[in-house]
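All of the numbers you see were taken from the coordinates with simple rules; none came from a lab. Since this is a predicted model, take the numbers as computed values, not measurements. Because the Cβ atoms are built from the backbone with ideal geometry, glycine has one as well, and the counts that use them run over all protein chains shown.
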């Protein structure tokens, strides 16, 4: 039963009548979230109706920008808001400490391994916490949220249902902020990396990056929206053929596994429920996926902090291309059949 979803059924029907519809699950991944920008930009050019959005970290920012733009100006408004947000990120980064060096460009392309700011930050974070290094709790996201996200729009009755993932520091559990809960600190918390920023306090509780516990959350989209089709936009590679042997590679892969494990686990649970005939009368769900796997697999972990406009626009273009390929080859399956097999995730 999806009793909670029935309460939002009117929203979904009003926007999905006569057109394909999707719920979107948007993974986090720092600057790699610009890939999702591209995916969304291409989807918004179509008649696909969006019945709900979940997200963590950069995925939460994309979700908020998408929903805000939809309320304010429909599909075109959402495209404008997403573009403004990501170009705002790039503009802010121009005066930031994580600048590239010629050596970065020569040896590592989009990575930031030799950025003086990154090297300094990496070494300092081993010695002191954000509470010592950033006692004023400065967070560059604050200005971006104030400028580009209208939180009243997110709470508007015409906004698509939102499910933003946060991690409760004390309990270690996933916490979801829905439309009526959302405030700037919700998104700050969802994107709060604990070695860079102080935990975000909301109503007496403290939160870290939502990617630790739901990257992105799937079940709320199934339980609280009328969507039958779920599209996951995935940023973390599923698999690396080579086993890392250098410290940086080991750390990068360990972080990828940690942030990918929650999505993998939810998909495994869904696969088990479907096999047991316990999903929507045994019919299952229509799962779809657009992955950045081929586009980010060769990038190092430090590329996630690269907010140069050229890099963000490169990822956007890659996301648009992947979405276009998916729409051309798989878009006709929306509302009819899954394009990603849940059985592949059975253990």
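Miscellaneous remarks
- Structure-based [θ]222 nm, the chain - -39500 (n - 2.57) summed over DSSP H runs of at least 4, per residue, nearest 500: -14000 deg cm²/dmol
- Checking (1) 18.9, 64; (2) 20.5, 65; (3) 19.4, 58 against the coordinates, the calculated Rg and Dmax of the Cα atoms in Å falls under label (3).
- Summarising the label geometry, the points placed 7 Å from Cα in the beta-carbon direction at residue 343 and residue 155 lie 4.8 nm from one another.
- P(r), alpha carbons of the stretch 140-299 - 10 Å bins starting at zero, rounded %: 9, 31, 36, 20, 4, 0
- Beta bridges per DSSP with both ends in the chain, % antiparallel, nearest 5: 35 percent
- 13 Å cut-off, amide nitrogen to a point 7 angstrom out along residue 129 Cα→Cβ, residues in the stretch 136-173: 169-170
- Pairwise label distance in nanometres, residue 317 with residue 297, each label 7 Å out on the Cα-Cβ vector: 2.2 nm
- Sorting 174-186, 202-214, 62-74 by average packing, meaning the other beta carbons within 10 Å per residue, from highest down gives 62-74, 202-214, 174-186.
- Label point of residue 309 set 7 angstrom out along Cα-Cβ; within the stretch 61-85, amide nitrogens under 16 Å from it belong to 83-85.
- Helix 309-330 vs. the chain, principal-axis angle (Cα, 0 to 90°, nearest 10): 20 degrees
- The stretch 217-347 shape via C-alpha gyration tensor axes, a/c threshold 1.5: oblate
- Reported to the nearest whole Å, the Cα centre-to-centre distance from the stretch 249-315 to the stretch 145-202 is 20.
- Virtual spin-label span in nm between residue 87 and residue 72, 7 Å along Cα→Cβ: 1.3 nm
- Theoretical gain in end-to-end length, residue 201 to residue 257 [0.36 nm per residue, Cα-Cα removed]: 17.5 nm
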